[in-house]
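The values are calculated or read from the model by the stated rules, or taken from the named source; none is laboratory data. All figures in this text were calculated on a predicted structure; none of them were measured in a lab. No Cβ is skipped: glycine too gets one built from the backbone with ideal geometry, and neighbour counts run over all protein chains shown.
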Amino acid sequence: MSDRGFVVTPWEVKGEVDYDKLMEEFGVQPIDDKLEEKLKRYTCGQLHPQIGRKVFFSHRDLDWILDRYEDGEKFFLYTGRGPSGHTHIGHIIPWIFTRDLQRYFDAEVYFQLTDDEKFLVKPDLSLEDTIGYAYDNALDVIACGFEKGKTWLFLDTEYMKTLYGIAVRIAKHITFSTVKAIFGFTSSTNIGMVFFPAIQAAPCFLPSILKGRNIPCLIPAAIDQDPYWRGVARAVAPRLGFYKPAQIHCKFLPGLGRGGKMSASQPETAIFTTDRLEVAEAKIMNAYTGGQPTVKEQRAKGGNPDICPIYQYYLFLFEEDDGRLKERYLDCRSGSLLCGDCKETLAKRVSSFLKEHQKRRIKAKNVLEDFILRD
C-alpha cells in the first residue's frame with residue numbers, strides 16, 4: 001500500500017480510493033456543471049446516469065472533442081479489456097456507457113482485447129488461456145448491445161500485423177526512462193511489458209491510419225488505465241501528426257467484501273456474467289454492508305450507504321430512477337431500510353439482469369465474426 005493509503009496502477013487497485021487525490025495526481029479535470037450542460041445537448045436533454053451520479057467523474061479534453069463534434073467532426077470511441085478471466089459486472093460498467101455514447105453520437109467503437117498483456121503480466125496464464133478468455137469476453141461485449149458494422153473488436157496477437165506498424169512509430173518517441181517512471185518498470189520487468197505501452201496506445205490512431213484522415217478519439221475507461229494515454233499516446237500524438245486522444249474516466253465498482261474494487265482474483269466478491277443465478281444471488285445475500293450488526297441497532301442508528309457495496313450496485317447500474325435511489329439512501333440512513341431487504345431486492349435485479357445478458361451472450365456466438373477485425 002502506498003503512503004497515500006491506496007494503490008491504483010493499470011494492473012492493481014487496492015484500498016479505499018480517494019478520487020480527488022487521484023485526479024490531482026493524474027492531472028485530470030472533474031466533469032463540472034458546464035460540461036454536464038454541454039453533454040445534455042446530445043443525451044436527450046438528460047444527463048446519463050453514470051455522469052449524473054459521478055460514476056464517470058473526470059476527463060481530459062472532453063470539452064475539446066465536443067467542440068470538434070459541434071463543428072461537424074465526428075469522433076470514434078476506443079476502449080478495451082485485459083482478458084485474464086471471465087467478465088464480471090465491474091468490467092461492463094464502462095462498456096454500457098460506451099455503448100450509449102455510440103448511440104448518442106453515432107460513433108464507431110474500437111475495442112482492444114489485450115491478450116498479449118495479460119499473458120506477459122500473469123505468470124499463471126498461458127497465451128492459449130488469454131486468447132480463450134479474449135473470445136469469451138468478446139461475447140459479453142457484444143451482449144451489451146453494441147452496433148454491428150460500427151463496432152470492431154480485435155485481439156492484439158491476431159491483429160498485430162496492423163497494430164505493429166503503429167506501435168513502432170509510437171515506440172520510437174518513448175524512452176525506457178519514460179515508461180519506467182510512468183509504470184514502475186524495473187530491471188526484472190520482461191521486455192514484452194516494456195514495449196506493451198506502445199501497443200496499447202496504437203488504437204488511439206488506428207482509424208486515422210485505416211481511413212487516411214485524422215479522426216478524434218475519445219476513450220471511456222476506468223481511471224487506472226490513464227497512464228497509457230497521458231504518458232504515451234498523448235505525448236507522441238503531435239509528433240505523429242494526430243490529435244491527442246481525449247478521455248473520460250470512471251470509478252471502480254466495489255467488491256462485495258469490505259473495501260477494494262470488484263476483482264476476479266476474489267471470486268466470492270465479484271458477480272460474473274457467467275454465474276448461475278442462484279450463485280450470484282447467494283454472493284449478494286452474503287455480502288458486506290454498511291449496516292449495523294443487529295436489526296435493533298439498524299432501526300436505532302441507521303446504516304452507512306457510503307461504504308456499502310450493495311448501495312453502490314444500485315448507484316452504478318441497478319436503480320434507474322434518481323428519486324428512488326435517493327429514497328433508498330435516506331431510508332438506509334434513517335434505519336427504516338434493513339440490509340436484508342436491500343440485499344434481497346438487489347439479488348432479484350441482478351438475477352434478472354444476468355438472465356437476459358446470458359441469453360444475449362449465447363446469441364452473440366452467431367455474430368462474433370461480424371465484430372472481429374482481422375489483418
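With respect to G335, is the statement that it is touching a Ser or Thr at 6+ places or on another chain (Cβ under 6 Å), more than 30 Å from I209 (Cα to Cα) and either at pLDDT 95 or above or not hydrophobic (A, V, I, L, M, F, W, C) (or both) true?
Here the answer is no, as G335 does not meet what is asked.
Here is a check on your reading of the model: is L153 part of a strand (DSSP E or B), surrounded by 17 or more Cβ atoms within 10 Å (Cβ to Cβ) and out of contact with any Asp or Glu (no Cβ under 9 Å at 6 or more places or on another chain)?
yes
I need the full set of residues from region 151-207 which are charged (D, E, K, R), in contact (Cβ under 8 Å) with a residue 40 or more places away in the chain and over 30 Å from L368 (Cα atoms), in order please.
R169
Pick out the one residue from Y78, Y19, Y104, Y69 that is surrounded by fewer than 16 Cβ atoms within 10 Å (Cβ to Cβ) and either of a type outside the set (A, V, I, L, M) or not assigned by TED's automatic domain parsing to the domain that holds E117 (or both).
Of the residues listed, the single one that is surrounded by fewer than 16 Cβ atoms within 10 Å (Cβ to Cβ) and either of a type outside the set (A, V, I, L, M) or not assigned by TED's automatic domain parsing to the domain that holds E117 (or both) is Y104.
For region 340-352, check the following and say yes or no: at least one residue is under 26 Å from D224 (Cα atoms) and not acidic (D, E).
Scanning region 340-352 turns up at least one residue that is under 26 Å from D224 (Cα atoms) and not acidic (D, E).
Out of the residues in region 291-330 that are assigned to a helix (DSSP H, G or I) and small (G, A, S), which is surrounded by the most Cβ atoms within 10 Å (Cβ to Cβ)?
So, considering only residues that are assigned to a helix (DSSP H, G or I) and small (G, A, S), the one surrounded by the most Cβ atoms within 10 Å (Cβ to Cβ) is A300.
With respect to I248, determine if the residue is closer than 25 Å to F97 by Cα, β-branched (V, I, T) and in a helix (DSSP H, G or I).
So I248 fails the test.
Residues being surrounded by fewer than 19 Cβ atoms within 10 Å (Cβ to Cβ) and in contact with a Ser or Thr (Cβ under 8 Å, 6 or more places away or on another chain): count how many of those fall in region 182-208.
Looking only at that region, the number is 1.
Pairs, please: C-beta under 7 Å, at least 6 apart or cross-chain, first residue without any contact (Cβ under 8 Å) to a residue 24 or more places away in the chain and in region 26-50, second of a type in the set (S, T, Y) and in a loop (DSSP other than H, G, I, E, B)?
none
Within region 91-99, identify whether any single residue is in the same structural domain as D226 (by TED's automatic domain parsing), out of contact with any strand residue (DSSP E or B) (no Cβ under 6 Å at 6 or more places or on another chain) and under 26 Å from R213 (Cβ atoms), and answer yes or no.
Among the residues of region 91-99, at least one is in the same structural domain as D226 (by TED's automatic domain parsing), out of contact with any strand residue (DSSP E or B) (no Cβ under 6 Å at 6 or more places or on another chain) and under 26 Å from R213 (Cβ atoms), which makes the answer yes.
Could you list, in sequence order, all residues of region 113-127 that are under 20 Å from K161 (Cβ atoms) and not in a loop (DSSP other than H, G, I, E, B)?
L113, D115, D116, E117, F119, L120, L127
If I ask for residues that are farther than 14 Å from D61 by Cβ and among the aromatic types (F, W, Y), which ones from region 214-237 would you list?
Residue satisfying the conditions is Y228 alone.
Can you confirm whether P203 is in the same structural domain as K118 (by TED's automatic domain parsing), touching a strand residue (DSSP E or B) at 6+ places or on another chain (Cβ under 8 Å) and not in a strand (DSSP E or B)?
Yes.
Name the residues in region 275-289 that are surrounded by fewer than 20 Cβ atoms within 10 Å (Cβ to Cβ) and outside any helix (DSSP H, G or I), would you?
Passing the criteria: R276, N286, Y288.
If you check every pair at least six apart or on different chains, which have Cβ atoms under 6 Å apart with a residue in region 338-354 that is within 20 Å of H88 (Cβ to Cβ) and touching a residue at least 40 places away in the same chain (Cβ under 8 Å) first and a residue that is assigned to a helix (DSSP H, G or I) and among the charged types (D, E, K, R) second?
Close Cβ pairs satisfying both conditions: A347/E281; S351/E281.
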